[in-house]
Amino acid sequence: MNIIKRIFGKTEQRAACPSWDALSGHGTATGRMVNPRAAENLSTVLACVQAISTAIASLPAYLYRMEGKVRVEDASHPLAELIRRGPNEKQTWPDFIEFIMASALLRGNALVEIVTDRAGLLQELKPVPWEWVSVQVLPSGRLAYDVTEITSIYGGQGRFRRLLEGEVMHLRDRTDDGLLGKSRLQRAAAVVAAGVSVQDFAESMYRNGASPSGALESDAKLAPEAYDRLKKQFDDAYTGPQNARKVMLLESGLHWKQISVSPEDAELLSSRRFTTEELARIFQVPPPMVGIWDHSTFTNSETAGKWFATFTIGPWCRKLEAEFARSVLSAADRATHQIEFDLSGFLRGDHGARWQGYQIAVSNGILTPNEIREAEGWNPMPGGDDFPGKQTGVTPGA
């Protein structure tokens with residue numbers, strides 16, 4: 001009976017909340033429609049998404065197996081193999097992580113199809129663009145993901161298929177209903193729309209460079225034909241950035257009257273700087289990380305990098321780790337395995353402080369020399385698994 005219901009689709013109920021479908025456009029007070037593609041035209045949105053997604057994609061990922069209280073890297077596990085060789089035949093692991101992170105940041109959701117063999121062993125992880133997905137709620141409360149592959153690197157040509165919860169990994173941004181994430185662009189649509197409007201206004205001012213700077217005056221009334229001819233000649237000769245600062249030649253009693261930029265226009269142009277900071281705030285990215293260097297120094301930029309790792313990258317890595325454990329690992333593996341994104345590279349201090357910390361760790365018996373060499377990416381050395389002074393009977397830290 002369940003198979004019949006699944007085939008004929010008689011049990012699903014379409015969600016009423018707008019966040020259930022891909023973000024395709026939401027009106028704002030400016031009259032603009034906000035969607036991910038339009039939002040990425042704003043350099044700050046693009047920079048924030050790139051900064052977060054590429055940073056997480058660059059992190060080493062490890063799969064560990066717990067043996068009592070000891071954690072051992074399990075390189076033979078199917079998931080570890082996908083991390084090493086790539087999750088599917090078209091993508092490397094960094095490409096895969098960058099893809100799903102960008103989808104979650106721009107659309108609030110990222111979907112990955114889990115491909116297994118007949119024995120249920122993990123074979124591939126295939127990301128599914130969220131625009132292809134329509135989500136349904138089954139009477140059991142589980143979600144069904146109806147996927148229409150419009151065009152695909154896997155060869156899809158409009159083919160429809162249904163994936164159930166156990167067949168996918170679903171990464172969500174903050175959710176209002178506990179089921180689907182809601183895009184930050186949708187939550188702050190007015191901010192994004194205002195940014196697009198300010199950008200369009202600035203572009204218009206550059207394109208029509210003569211309009212805000214002055215006006216032509218004539219002592220005599222111009223005939224319609226003369227007016228049209230003058231307008232065309234003036235537009236061709238003096239408007240646009242390619243004609244900036246050209247010498248103006250006037251005839252027939254025409255005079256040029258200088259017009260300064262209005263305070264309102266000047267304020268709107270200066271607001272671009274504030275808009276960039278607002279957009280960075282939406283994604284919790286420190287301004288120096290996306291090229292906003294106002295009031296920045298080397299010291300506070302370095303601090304911003306550590307803040308970025310702790311409060312921006314860290315929470316997303318925790319979401320990824322939890323979702324991989326819940327969806328990709330089998331029920332048996334969840335009790336013994338865990339995936340971890342290594343943030344240590346981002347959280348390292350400066351060279352001197354780092355080595356001073358290592359010295360304290362060794363002298364107090366916290367880390368061995370080989371553990372430090374491993375953290376630095378170096379090969380182990382003979383005798384490096386012992387604390388200094390151990391073989392001579394000297395107590396570490398004495």
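The values are calculated or read from the model by the stated rules, or taken from the named source; none is laboratory data. Being a predicted model, the structure only gives us computed values, none of them experimental. Reconstructed Cβ throughout: ideal geometry from the backbone, glycine too, with neighbour counts over all protein chains shown.
A few notes on this one:
- Whenever a residue of region 110-134 is small (Gly, Ala, Ser), its partners that are assigned to a strand (DSSP E or B), lying with C-beta atoms within less than 6 angstrom and at least six residues away or across chains, give the pairs 110/171; 134/146.
- In region 38-52, the residues that are closer than 10 Å to residue 192 by Cα and in contact (Cβ under 8 Å) with a residue 60 or more places away in the chain never reach a residue that is acidic (Asp, Glu) and surrounded by fewer than 16 Cβ atoms within 10 Å (Cβ to Cβ) with C-beta atoms less than 8 angstrom apart, at least six apart or across chains.
- Check on residue 389, more than 28 Å from residue 57 (Cβ to Cβ), surrounded by 14 or more Cβ atoms within 10 Å (Cβ to Cβ) and at pLDDT below 75: yes
- When residue 130 is tested against (1) more than 19 Å from residue 316 (Cβ to Cβ); (2) at pLDDT below 95, exactly one condition is not met: (1).
- So residue 103, is it farther than 15 Å from residue 167 by Cα, in contact with a strand residue (DSSP E or B) (Cβ under 7 Å, 6 or more places away or on another chain) and surrounded by 14 or more Cβ atoms within 10 Å (Cβ to Cβ): yes
- When region 107-123 is filtered for residues that are aliphatic (A, V, I, L, M), surrounded by fewer than 16 Cβ atoms within 10 Å (Cβ to Cβ) and under 18 Å from residue 170 (Cα atoms), only 115 remains.
- Restricting region 90-102 to residues that are assigned to a helix (DSSP H, G or I) and free of Cβ contacts under 8 Å to residues at least 60 places away in the same chain, the residue that is nearest to residue 41 (Cα to Cα): 102
- If only residues of region 149-190 that are of a type in the set (A, V, I, L, M) and assigned to a helix (DSSP H, G or I) are counted, the one that is modelled with the highest pLDDT is 185.
- Test: residue in region 59-71 that is within 30 Å of residue 282 (Cβ to Cβ) and either among the hydrophobic types (A, V, I, L, M, F, W, C) or surrounded by 14 or more Cβ atoms within 10 Å (Cβ to Cβ) (or both): yes
- Within region 82-89, the presence of at least one residue that is polar (S, T, N, Q), in contact with a strand residue (DSSP E or B) (Cβ under 6 Å, 6 or more places away or on another chain), part of a strand (DSSP E or B) and buried (at least 17 other Cβ atoms within 10 Å of the Cβ) is confirmed.
- Tallying residues that are surrounded by 14 or more Cβ atoms within 10 Å (Cβ to Cβ), of a type in the set (Phe, Trp, Tyr) and in contact (Cβ under 8 Å) with a residue 24 or more places away in the chain within region 307-335 yields 3.
- Scanning region 130-154 for residues that are touching a helix residue (DSSP H, G or I) at 6+ places or on another chain (Cβ under 7 Å) and either closer than 23 Å to residue 90 by Cα or surrounded by 16 or more Cβ atoms within 10 Å (Cβ to Cβ) (or both) gives 130, 135, 143, 147, 148, 149, 150.
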